[in-house]
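Structure first, commentary second.
The values are calculated or read from the model by the stated rules, or taken from the named source; none is laboratory data. Remember, it's a predicted structure, so these values are computed and weren't measured experimentally. With ideal geometry, Cβ positions are generated from the backbone for all residues, glycine too; neighbour counts draw on all protein chains shown.
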Amino acid sequence: MREKSYPIELFRKYRKEIAVNIFLLLIITCLSVTGPLVLRNIMNRTGVVFDQKSAAVYFTILFLLYFFRFLSNRYKFSFEEKFKNLETVNLYQKIFRMRYDKINQLEPTYLSERVNTTVDTVFHLYASSITGIFVSGLILLITLSMVFRINKILFAIFFVQVPLQYFGFQKLLNGEHSKLAGYSALLQETKAKSSKNIKVLLADVNGVKQYGESGIILPLIRENLKEVNSLGKKANRYAMDVCTILEFFCVCLKNASYFLILFLYMIGEAGTGDFIYLTLINDIYYGSIGDVIKIQINLRELKGAFAFVSEEVEKNYEESGTKELKDVVSMEGTLHNVGYEGKILIEDGAFHMEKGDVIGIVGESGCGKTTFVKLFNRFQDGGKIVVNGHDITEYDVASLRKKILYLPQNTYLLPCSVKENLFIGNQGDHHRWDALLRLKFMQKLIDGGLEKIILENASNLSGGDRQKIILGRIFLQNPDVIILDESFSAIDEETGEDLLDLLKEMYADKIILVISHSPKYIEKCSKKIQIQGKRLIQQRT
């Protein structure tokens, strides 16, 4: 089934909130135009500016106007909180569905920055722009209908603003192939890349302290800021030029309206009530014209936001099967021209593995060991991989990755508690949790406090503690295939051997793959796969 586009998806999801927002603004609009109309009727009927009754009516309308403005603002802030919380998570879910290679190509930090700017931009569309156009359009229609009854020449001056502003705006922007839209899209992308680069530069505290004064880091930061600020200047300058030109015509016609209103009053064609009404409504009308201009400019920023979701995210979803993988009994496959980014690492080879196998994978650096094991959880695709007699592409990727656990050299730890890090991948299995707490290797972590918060880059943990957290995570997730990709490189060899022995003991009925340059780790394996000369060869140790 073809997924609906992101704008339609959002509109359907938040149609109730948008409708409430429009309803509140509709009340505000009616009260805004009712106040001047009430004054006009009172003045035309009595000739008196205010009596007690008319004052009570007018100030009641004024009170209600600001009361509903208050409600509208409160509702908008609540809507904003809900929207940003839900849609930020929604966009990250979309990113998690992207292909592994595409996430690497675009870079995770860049994607994170684009998520933030996209959510902000899109919220203003649904909370302000859509409702703003509706309300401003309504004010224009009501005002034009009332002015038409009072004076046709004044109506003509009011009316000419609509096509002048609309077609003038279209000519200034779309006449140059949507120059501002292009600026906006490019600025969003450049801002995300610049912010990503600066975060990467500052992510490693050791590197910052070591090289911060070397004259390299600061120029890189300066260069990233320079590009963003230069493009921001061009985009803002162009937008301001458009607004200024349109505002010039708007002010000229607005002043002409004031002069005509005054002239009509002086020659007696407009009564006191009409004069007060037209003076008040003039500001409201031209304010709405200005809002329409700004809204149209803001809408151009959506091109970049929606393009990010549709072109960079949704078009790069990975394909997933539908079959649930419940238990891995065997894996086998044949490889042909496996690699990435056009680089062939493994030209041919075949393998077979089943429960109880501990397989060491060896070869020179860069020969394709990691690329090979990433085929098993479909981080990368290539060759023909068969799991339990079925092609691996038939399985749902979520169930596949739950049963096939890949552990890279750099331990994946989150900035939350030790306990929360242990539960990643397996929520709420209290029986296994109780069993985990009884295991010997967990004692040090328990003594250090399971509620201890792990800092960025796990800077407050030793290499051994990091590995123990990963070991505990494996126990809780209870996968059928465990892939150790240089997973013990951060600890001494003796400790690594002990951990591998423990894994073999705990998971004797599982498949364990070990990538390592250490002969001692490979010696503990029952089988060996070697990658040499772009060929994959399986053998017993």
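Quick rundown of the values:
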{"item": "Complete set of residues in segment 311-335 that are in contact (Cβ under 8 Å) with a residue 60 or more places away in the chain and of a type in the set (S, T, Y)", "result": "Y317, S320, T322"}
{"item": "Failed item, numbered, when D492 is tested on (1) in contact with a Gly (Cβ under 9 Å, 6 or more places away or on another chain); (2) at pLDDT 85 or above", "result": "(2)"}
{"item": "Failed criterion for A305 (all others in (1) under 30 Å from C250 (Cβ atoms); (2) surrounded by fewer than 20 Cβ atoms within 10 Å (Cβ to Cβ) hold)", "result": "(2)"}
{"item": "So D498, is it in contact with a Pro (Cβ under 7 Å, 6 or more places away or on another chain) and either over 23 Å from N388 (Cα atoms) or surrounded by fewer than 21 Cβ atoms within 10 Å (Cβ to Cβ) (or both)", "result": "no"}
{"item": "Checklist (1) outside the structural domain of I153 (by TED's automatic domain parsing); (2) farther than 21 Å from L407 by Cα applied to Y286, failing item", "result": "(1)"}
{"item": "D357 vs. criteria closer than 30 Å to G383 by Cβ and surrounded by 15 or more Cβ atoms within 10 Å (Cβ to Cβ)", "result": "yes"}
{"item": "Residue match in segment 435-444 (condition: out of contact with any strand residue (DSSP E or B) (no Cβ under 6 Å at 6 or more places or on another chain) and at positive phi)", "result": "no"}
{"item": "Qualifying residue in segment 456-463 (condition: within 27 Å of T371 (Cα to Cα), free of Cβ contacts under 8 Å to residues at least 40 places away in the same chain, of a type outside the set (S, T, N, Q) and not in a helix (DSSP H, G or I))", "result": "no"}
{"item": "Residue match in segment 126-134 (condition: in contact with a Ser or Thr (Cβ under 9 Å, 6 or more places away or on another chain), among the aliphatic types (A, V, I, L, M) and either in contact (Cβ under 8 Å) with a residue 24 or more places away in the chain or not assigned by TED's automatic domain parsing to the domain that holds I261 (or both))", "result": "no"}
{"item": "Flag for T131 being surrounded by 15 or more Cβ atoms within 10 Å (Cβ to Cβ), polar (S, T, N, Q) and over 19 Å from S5 (Cβ atoms)", "result": "yes"}
{"item": "R99, sole failed condition from (1) basic (K, R); (2) in the same structural domain as Y285 (by TED's automatic domain parsing); (3) more than 30 Å from L201 (Cα to Cα)", "result": "(3)"}
{"item": "Hits in segment 97-110 (condition: in contact (Cβ under 8 Å) with a residue 24 or more places away in the chain and hydrophobic (A, V, I, L, M, F, W, C))", "result": "M98, L106"}
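Quick grid of which residues meet (1) part of a helix (DSSP H, G or I); (2) surrounded by fewer than 14 Cβ atoms within 10 Å (Cβ to Cβ); (3) of a type in the set (F, W, Y); (4) modelled with pLDDT of 80 or more:
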residue	(1), (2), (3), (4)
E247	yes, no, no, no
C250	yes, no, no, no
N255	yes, yes, no, yes
F259	yes, yes, yes, yes
F263	yes, yes, yes, yes
G268	no, yes, no, yes
L280	yes, no, no, yes
